[in-house]
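Notes to accompany the following structure.
Read the figures in this text as sums done on the coordinates, not as results from a lab. Note that the structure is a prediction, hence the values are computed from the model and not measured. Every residue, glycine among them, receives a Cβ derived from its backbone with ideal geometry; neighbour counts consider all protein chains shown.
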Amino acid sequence: MNYLQPIVDFFNHPVFIIIGGLTVVIAAIGIIYRASCLIFGISPLVLRMGIALWRRKIAIIGTADAFSSLSSSLRDSGIIKSKNMCHIPLDNIDKCKDFTIFLVDWETSSGSIDQILASRSNHHTAVIIFAKPATIPADKMNDIANRSNTIVVNFKGRLSNDILNSLVTTSFDGK
């Protein structure tokens, strides 16, 4: 053990003690900074997403066949629960004013699209229109594109992604 004493004495020099102490302080500051970034950066997003998936309701506007098709696609994704989806028939569009996301089947609801867009309670209500490619006329597409929080989806695989984006980006009053 006598042969290790010069090495121990060399590293017990005050310069090494100061550098070691500074390194520990810098590492502690870095850990605190990363933890605060996680808490203040990611936590609000996770909390908002959790509340959105738990409490927000989706109005699916169209015929009963369209509702069953679209709701089964959303249920199959495992993200949206059945209790958060509600069928709104075309003859009762005013019932959807309490919902914050409208999912519209273009094939069955194209004649009522102006009434659906007008029934939004505010501009924070997202309207997602499911339409097969090239079925929306250019003038209607321009009208839809000029409105806030409207999305046209033509694939069922993208539907759940656009609903998730709408859940996060539109406000929720907690009603």
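Report the residue, chosen from Gly111, Gly20, Gly50, that carries the largest GNM mean-square fluctuation when the chain is represented by alpha-carbon nodes joined by springs under 10 Å.
Gly20
Find which of Leu90, Gly111, Ser77 sits farthest along the positive direction of the dipole of the stretch 57-169, computed with +1 on the beta-carbon of Lys and Arg, -1 on that of Asp and Glu, about the Cα centre.
Of the candidates, Ser77 comes out farthest on the positive side.
Please report how far the C-alpha centroid of the stretch 46-71 lies from that of the stretch 103-145, rounded to the nearest whole angstrom.
For the stretch 46-71 versus the stretch 103-145, the Cα centre distance is 16 Å.
In whole Å and largest first, what semi-axes does the C-alpha gyration tensor of the stretch 21-110 yield when each eigenvalue is scaled by 5 and square-rooted?
Listed largest to smallest, the semi-axes of the stretch 21-110 are 46, 12, 9 Å.
Let me check the size of the stretch 32-82 from its C-alpha atoms; what are the radius of gyration and Dmax in Å?
16.6, 54
Using Cα pairs closer than 8 Å and at least 6 residues apart in sequence, work out the relative contact order for the chain, in percent.
Here the relative contact order equals 20 percent.
Quick check: from the Cα gyration tensor, does the stretch 2-52 come out rounded (a/c under 1.5), prolate or oblate?
Prolate is the answer for the stretch 2-52, as a/c is 1.5 or above and a/b outweighs b/c.
Would you please give the FRET efficiency between Ala64 and Ile42, computed as 1/(1 + (r/R0)^6) with r the Cβ-Cβ distance and R0 = 35 Å, to the nearest 0.05?
For Ala64 and Ile42, the calculated efficiency is 0.30.
For a test of the definition: using alpha carbon positions, the gyration tensor, and the 1.5 limit on a/c, classify the stretch 125-175 as rounded, prolate or oblate.
oblate
Which value, in debye to the nearest 20, gives the size of the charge dipole of the stretch 23-175 about its Cα centre, when Lys and Arg are +1 and Asp and Glu are -1 at the Cβ?
620
Taking only Cα atoms and a 10 Å spring cutoff, compute GNM fluctuations for the chain and point out the largest among Phe40, Phe99, Phe155.
Checking each option, the largest mean-square fluctuation is seen for Phe40.
For the chain, report the % of Cα-Cα distances exceeding 29 Å.
Everything past 29 Å amounts to 40 percent.
What residue among Ile32, Ile18, Ile61 shows peak mean-square fluctuation when the chain is described by a Gaussian network model with Cα springs under 10 Å?
Ile18
What's the lysine pair count for the stretch 78-175 at a Cα cut-off below 16 Å, pairs eight or more apart or interchain?
Step by step, the pairs that qualify in the stretch 78-175 add up to 5.
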